[in-house]
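A.B. asks: After the structure tokens below, expect a handful of questions from me.
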Amino acid sequence: MASIKDVAAEAGVSVATVSRVLNEHPSVSAEARGRVLAAVEALGYRPNAVARSLRTDQTRTLGLVISDVLNPYFTELARSVEEEARALGYSVIIGNADERPDLQDHHVRTLLDRRIDGLLVSPTDGGSPLMLDAARAGTPMVFVDRWIPGVDVPVVRADGRGAVRDLVAHLYGLGHRRLAIIAGPAATTTGSERVAAFREALAEYGLPLPGEYIGQGDFQAESGRRVTEGFLDLPEPPEVVFAADNLMALGALDAVRARGLRVPQDIGLAAFDDIPWFVHTDPPVTAIAQPTGELGRAAVRALVDRIEGRAPRSVTLPARLVVRRSCGETPEASEASEASEKNRSTP
């Protein structure tokens, strides 16, 4: 493998000149720069990334701590983050918090110890002293999907309030009046925000949200199953269950089928966070879709702006309702919505 000394000898310049060219220092003449780059190409020289990081105090590496790698939403988010980072010349190290604050902080601490250039986090709760300290210390950081209120860090997220309002209007139009929600953890911004949006949308139609129609989940399938079983045991079960994330929706579907009941004939089901599986369930699930790929790409761009000295900005993108057949919709309405989704995804 060629060394920097080999490149210097091939180009007829000093090692210091080669180093300045590789680090894009402006003091090198165009003629010398051309000879060095030609030597690099001819010899197949690749700089030592570790040594370069010691000289420049940059590793060209980003950290990403996601809430649950098994959740298809976060899997897609991580993929878009990695693709955008690679396009901008950065690598990504991913940590899976598994919806556990202690594991989240473990990954954050490990990534900071490895001298990453910046950190993307989807917080599992709003009270991590470690992340608060890192933000106050000036660590380049961006919150994605979730955030910690009051912390001066750019946030890249989807606004689901409009889509939740559209969902409630859709359900009301289908004749449903008893609507329940499987909520995510109240300690997360997405958990509390989706319940508030659902309550507000119901109020617009004069519909109540009684306590027995609010089930506390944890963004995991088992909690969706447990909460739905409780709903089904009520003297007056809800007509539709709205799960505040996709995994809880799958758990809810399991609970309904375990009772020998049918969706939507016996009870309707809708979900926040659309996933590819929902097209293939029987029936396909009506869901609120977030622009996941766009969120991941925007988060990387905001973080790289912060790292490279530009002013980053928060980004809020709209979520949207995708109508299928799990709430008693007609096949025609479902097909029209799916056609619209296909047109949206076609470049």
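The values are calculated or read from the model by the stated rules, or taken from the named source; none is laboratory data. Nothing here was measured: the structure is a model prediction, and the numbers come from that model. Methodologically, a virtual Cβ is constructed for each residue, glycine included, from the backbone with ideal geometry; neighbour enumeration extends over all protein chains shown. Ligands, DNA and RNA are excluded from the accessible area calculation, which covers all protein heavy atoms including side chains. Shrake-Rupley method; radii C 1.70, N 1.55, O 1.52, S 1.80 Å.
A.B. asks: Of Trp277, Trp147, which has the most accessible area and how do the rest follow, probe 1.4 Å?
C.D. replies: Trp277, Trp147
A.B. asks: In sequence order, what are the phi-derived ³J(HN,Hα) couplings for segment 215-221 according to the Karplus relation 6.51 cos²θ - 1.76 cosθ + 1.60 with θ = phi - 60°, rounded to whole Hz, with x for glycine and proline?
C.D. replies: Couplings: x, 8, x, 9, 6, 10, 4 Hz.
A.B. asks: So how far, in whole Å, is the C-alpha centre of segment 56-95 from the one of segment 222-242?
C.D. replies: 36
A.B. asks: I've got another one for you. What does the helix-only formula give at 222 nm for the chain: each DSSP H stretch with n ≥ 4 adding -39500 (n - 2.57), the total divided by the residues, and the result rounded to the nearest 500 deg cm²/dmol?
C.D. replies: -14500 deg cm²/dmol
A.B. asks: Using Cα centres only, tell me the gap between segment 116-162 and segment 1-42 in whole Å.
C.D. replies: Value for the Cα centre distance between the two parts: 41 Å.
A.B. asks: Please work out how much length the chain gains when fully extended from Glu83 to Arg177, using 0.36 nm per residue of separation minus the C-alpha to C-alpha distance, in nm with one decimal.
C.D. replies: Between Glu83 and Arg177, full extension yields an extra 29.5 nm.
A.B. asks: Quick one: order Arg60, Arg194 from most to least accessible surface, probe 1.4 Å. Each step should come with its number before you reach the end.
C.D. replies: Values: Arg60 85, Arg194 15 Å².
Greatest to least solvent exposure: Arg60, Arg194.
A.B. asks: Next up: Pulled fully out, how much extra length does the chain show between Leu70 and Gln216, if you take 0.36 nm times their separation in residues and subtract their Cα-Cα distance?
C.D. replies: Difference between extended and current length: 50.5 nm.
A.B. asks: State, to one decimal in nm, how far the label point of Tyr205 lies from the label point of Thr330, with both points 7 Å from Cα in the Cβ direction.
C.D. replies: Rounded to a tenth, the inter-label distance reads 1.8 nm.
A.B. asks: OK, next. With a 1.4 Å probe and all protein chains kept in place, how much accessible area does Ile94 have, in Å² rounded to the nearest 10?
C.D. replies: 90
A.B. asks: Read through the labelled values (1) 25.1, 87; (2) 19.5, 63; (3) 21.8, 88 and report the label of the one computed as Rg and Dmax of the Cα atoms in Å from the structure.
C.D. replies: (1)
A.B. asks: While we're here: About the Cα centre, and with charges only on the beta carbon of Lys, Arg (+1) and Asp, Glu (-1), how big is the dipole of segment 52-176? Nearest 20 debye, please.
C.D. replies: Magnitude of the dipole: close to 360 debye.
A.B. asks: So who's got an amide H within less than 5 Å of the one on Ser91, skipping anything under 5 residues away but keeping other chains? H placed 1.01 Å off N, in plane.
C.D. replies: Thr61, Leu62
A.B. asks: Solvent-accessible area of Val322, probe 1.4 Å, all protein chains present, reported in Å² to the nearest ten, please.
C.D. replies: Counting only protein heavy atoms, Val322 exposes about 0 Å² to solvent.
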